[in-house]
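One structure below.
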Amino acid sequence: MKAITLKENGGVENLRLAEVDKPAISAGEVLVRVKAISINPVDAGVRRDKATMQRMLRPKDGEDTFIIGWDIAGVVEEIGSDVKEFRRGDGVFGMVNFPGSGRAYAEYVAAPADQMALKPKNTSFEDAAAAALAALTAWQGLVTNAKVKKGDKVLVHGAGGGVGHYVVQIAKSFGAYVVGTGSTSKRDFILKLGADEFIDYTSERFEDKVKDADIVFDSISDPDHLLRSIGAVKKGGRVVSIKANFGDEHLEAAKAKDVQAIRLLVKSNGEDMKQVARLMAEGKLQSHISAKYKFEDLPKAHQHIETGKTTGKIVVVI
Ligand SMILES: NC(=O)c1ccc[n+]([C@@H]2O[C@H](COP(=O)([O-])OP(=O)(O)OC[C@H]3O[C@@H](n4cnc5c(N)ncnc54)[C@H](OP(=O)(O)O)[C@@H]3O)[C@@H](O)[C@H]2O)c1
């Protein structure tokens, strides 16, 4: 089968189209013929940097050729002997083995059945693949951890990006009041997603406009930004960080306001994936894809995600 392999960490030129063996499935897995793959910032991080690869892909001892990537949508072609939930021919999607080895950049992926969900009928393979890691991060941050509820005021940073555009929609589906931040060009997109207010971070300081959020969802790598986010939350609120770590200074500031500091690393979870699928089937959650690449052009998709300016999601079609 065709796959994109990586032998050494480094630039996009290290991603190579290759012929490799089709994976064999174990009892709890399904073999998925992949139709679309989505690209996340972590894909590029793992490609570039050995330490990130160790943390996120967790290679086996002696492994020297890697297939990276985690987000897939496709058709079930084979079923492991223990799998009851899916049948041959089902359209499925999910985030495979994250953190760990998903081996998603390939024509066929062996995926644990308990990490996948049925693709909703109203959703394309591309839109489904897009809504794996990024939508799961939004769900696990906002719902599982921060326990968003009707009437909450939710400040979403990077609201025009991969994760942020799902956070906005999931928060609205719970009846929250949403304020989204982004650069000037993202304004219309973020408001169309359903955000009630937009803050242009290139000309305004969000903490001047929001001081009483119930939840802040922070995806920015700057520790100072995270401290400012704690400043924008009200007493007893929650701050979810998916990027910067909470240091002593953050934890003290949070404690002083009785704010819950939540540092999230998304994890594969089929039950959460089904919640995402349900929202998509109900028309409450949509993927917005701003760029599609052919499989052989996957390195260009890495260059795109590395700009850090993505609108919605980037997918690769295979
Ligand atoms: N911990 C986890 O489990 C987890 C999971 C998923 C992602 N992440 C991390 O979260 C980050 C975001 O991921 P993503 O997939 O959403 O990335 P993305 O698709 O590249 O989106 C990032 C968005 O943030 C906007 N942005 C940049 N600087 C900003 C600022 N100062 N204020 C507000 N918006 C800003 C960017 O566009 P504009 O500047 O044009 O607005 C872009 O739309 C990445 O660092 C990723 O690695 C972590």
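The values are calculated or read from the model by the stated rules, or taken from the named source; none is laboratory data. Predicted, not measured: the structure shown is a model, and the values here were computed from it. Using ideal geometry, Cβ is built from the backbone for each residue, glycine included, and neighbour counts are taken over all protein chains shown. Side chains included, ligands, DNA and RNA excluded: accessible areas come from the protein's heavy atoms. Shrake-Rupley method; radii C 1.70, N 1.55, O 1.52, S 1.80 Å.
What do you reckon, is Ala171 modelled with pLDDT of 95 or more, part of a loop (DSSP other than H, G, I, E, B) and of a type outside the set (Val, Ile, Thr)?
On the way: modelled with pLDDT of 95 or more: yes; part of a loop (DSSP other than H, G, I, E, B): no; of a type outside the set (Val, Ile, Thr): yes.
In short, no.
For the range 20-44, filtered to residues that are in a loop (DSSP other than H, G, I, E, B) and touching a helix residue (DSSP H, G or I) at 6+ places or on another chain (Cβ under 7 Å), the residue that is surrounded by the fewest Cβ atoms within 10 Å (Cβ to Cβ) is Gly28. The sole residue among Gly89, Gly94, Gly80 that is free of Cβ contacts under 8 Å to residues at least 40 places away in the same chain and not assigned by TED's automatic domain parsing to the domain that holds Gln169 is Gly89.
Looking at the structure I just gave you, is Met116 farther than 12 Å from Gly74 by Cβ, of a type in the set (A, V, I, L, M, F, W, C) and in the same structural domain as Ser26 (by TED's automatic domain parsing)? It is false that Met116 is farther than 12 Å from Gly74 by Cβ, of a type in the set (A, V, I, L, M, F, W, C) and in the same structural domain as Ser26 (by TED's automatic domain parsing). Taken residue by residue, the range 207-226 has at least one member that is within 11 Å of the ligand (Cβ to nearest atom), in contact (Cβ under 8 Å) with a residue 24 or more places away in the chain and in a strand (DSSP E or B). Just so you know, in the range 283-314 the residues that are within 12 Å of the ligand (Cβ to nearest atom) and assigned to a strand (DSSP E or B) include one that is surrounded by the most Cβ atoms within 10 Å (Cβ to Cβ), and it is Lys313.
Consider the range 243-255 and keep the residues that are outside any helix (DSSP H, G or I) and open to solvent by 10 Å² or more (accessible area, probe 1.4 Å). The one that is nearest to the ligand (Cβ to nearest atom) is Lys243. For the range 45-66, the condition of being assigned by TED's automatic domain parsing to the domain that holds Arg103, open to solvent by 40 Å² or more (accessible area, probe 1.4 Å) and touching a helix residue (DSSP H, G or I) at 6+ places or on another chain (Cβ under 6 Å) holds for none of the residues.
Residue-level check: of (1) part of a helix (DSSP H, G or I); (2) in contact with a Phe, Trp or Tyr (Cβ under 7 Å, 6 or more places away or on another chain); (3) open to solvent by less than 30 Å² (accessible area, probe 1.4 Å), Val240 misses just (1). Based on this model, can you work out whether Thr137 counts as polar (S, T, N, Q), near the ligand (Cβ under 9 Å from one of its atoms) and either in contact (Cβ under 8 Å) with a residue 60 or more places away in the chain or part of a helix (DSSP H, G or I) (or both)? When the stated conditions are applied, Thr137 passes them. Within the range 120-133, at least one residue is open to solvent by 50 Å² or more (accessible area, probe 1.4 Å) and more than 18 Å from the chain's Cα centre (by Cα).
Within the range 193-203, can one find any residue that is out of contact with any helix residue (DSSP H, G or I) (no Cβ under 9 Å at 6 or more places or on another chain) and of a type in the set (Asp, Glu)? No, every residue in the range 193-203 fails to be out of contact with any helix residue (DSSP H, G or I) (no Cβ under 9 Å at 6 or more places or on another chain) and of a type in the set (Asp, Glu).
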